[in-house]
Amino acid sequence: MFHNNCKLQLIILFFLLFPLLSGCWDSQEIEQRATVLAIGIDVVDSKAPKEDEISHLKNQFPIPSEQMIKLTAQIAIPGRIPLGPVQTGGAEKPVLVMEVVGHTLDDAILNLQQDLADKLFLGHLRIIVLNEKVAKRGTQRFNDFLKRNPEIRRTASLVVSKEPAAKYMKLSPELERVPSLYLADMVDNLTALGKFPPSFIGLFWAILSSKGQDPILPYLALKKGSNIQLNGFAYFHGDRMVGKTSPSEIGVYMSIIGIKKGGYGAFTKIPGKEEMVLVRAVSRNTKIKVRIKDGNPHVDIKVRYESEIDEKYSPTISLLKSKMIRDIDKQASKDTAKSIRDLIKKTQKTKSDIFGFGEHFRAKLPSYWNRKIKTKENWDRFYKDLTFDVHVETNIHRVGMKAK
């Protein structure tokens, strides 16, 4: 009897352990993968590579109405990606840059695969750069492929570029040997520094599918050499880019949507004098209330700033006087309130509710939304004529240090 029990236990143990033996059945060596780190998408120009008959035959394919795209990809070269400090003789390029064209993103990916011996792998894709011309034509033509592909991470960055996206794929930044890592880390670190709200492709899709908000994306521009500047943000109406802002308007936008951490400063004129001081926001606290005023949607925006004076430009001005600090508080509040009103009016012209006011009405006044608005198209019309009040309060806590 004891012997039979032992046999039964061994059989059960065998069947429990058997599934674990197949754990590496689909393993693939990293050297056998063509790992794509970054993708740039441009409209096709005269210098683009010629399209080959890979995914379709000539005259046997219904040509899409959209203009063809040029895809530029950064592909990691196995063994050249630095895992630590750069060693002597490590000047070889760690990535291979390739260009293909296609009618769709999937078509371009298939054309790219035809030029490679190893299977393309998109699981480490860090950033997608869309040229401004592509963004203005709409992102919907790319979203389907990206959403369906299980390798695409929702935390990958999506940005818009002033220059051709191919240029960003060919950069050689001094601070990082791998250009795609430099680009992706730049976007990620902007949020940590209070320079930009959280921005990744999954969030872009989530906002794009909402009824009461339109998305934004970082807008990049190339400066001298390989330097990259956050040159504002691109704002959308639906999936199409309809405008861009200046860099200073990023901080204004962040104050409206309630990003607490401050990271921007602005010059403020001292009332009654010709001198200026640089006032920098340390933190913000925003409250948005929605209501119906005279039968139409109305928004009340209240922003409270905790700020510092980083610099003054005249040695004769003393910032130890409490009255002068209060005057600067009032002037900074007045300037910021004007900037908020100007930015909202700017987006109303394109019916682009990047602040999510529509989502506030959906959440807080659902009966009004379901009765009067209902759809994204209707909210576009309401947003264009939306009325709002802006109240800003600035409190300056620090004026710097003085040596005695």
Rounded to whole angstroms and listed largest first, the alpha-carbon spread of segment 249-398 along its three principal axes comes to 61, 27, 24
Once phi for every residue in segment 324-331 is put through the Karplus expression 6.51 cos²θ - 1.76 cosθ + 1.60 (θ = phi - 60°), the whole-Hz ³J(HN,Hα) values, with Gly and Pro written as x, are 5, 4, 5, 5, 5, 3, 5, 5
Binned at 10 Å from zero, the C-alpha pair distances of segment 91-202 give percents of 12, 41, 39, 8, 0
Per the Cα gyration tensor, segment 194-316 corresponds to an equivalent ellipsoid with semi-axes, largest first in Å, of 30, 23, 13
Note to self: C-alpha centroids of segment 227-277 and segment 184-200 sit apart, in Å, by 14
With +1 at each Lys and Arg Cβ and -1 at each Asp and Glu Cβ, the charge dipole magnitude of segment 249-398 around its Cα centre, to the nearest 20 debye, comes out at 580
Expected vector for segment 211-217, Karplus 3J(HN,Hα) from phi with 6.51, -1.76, 1.60 and θ = phi - 60°, integer Hz, x for Gly and Pro, equals 8, x, 7, 10, x, 10, 9
Applied in sequence order to segment 219-230, the curve 6.51 cos²θ - 1.76 cosθ + 1.60 (Karplus, θ = phi - 60°) yields integer Hz couplings, x standing for Gly and Pro, of 10, 9, 9, 8, 10, 4, x, 10, 6, 10, 10, 6
Given 380-389, 209-218, the highest-first ranking by average Cβ count within 10 Å works out to 209-218, 380-389
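Each value in this text was obtained by applying a stated rule to the coordinates, not by laboratory testing. The model shown is predicted, which means the values in this text are computed figures rather than measured ones. As a convention, Cβ positions derive from the backbone with ideal geometry for all residues, glycine included, and neighbour counts pool all protein chains shown.
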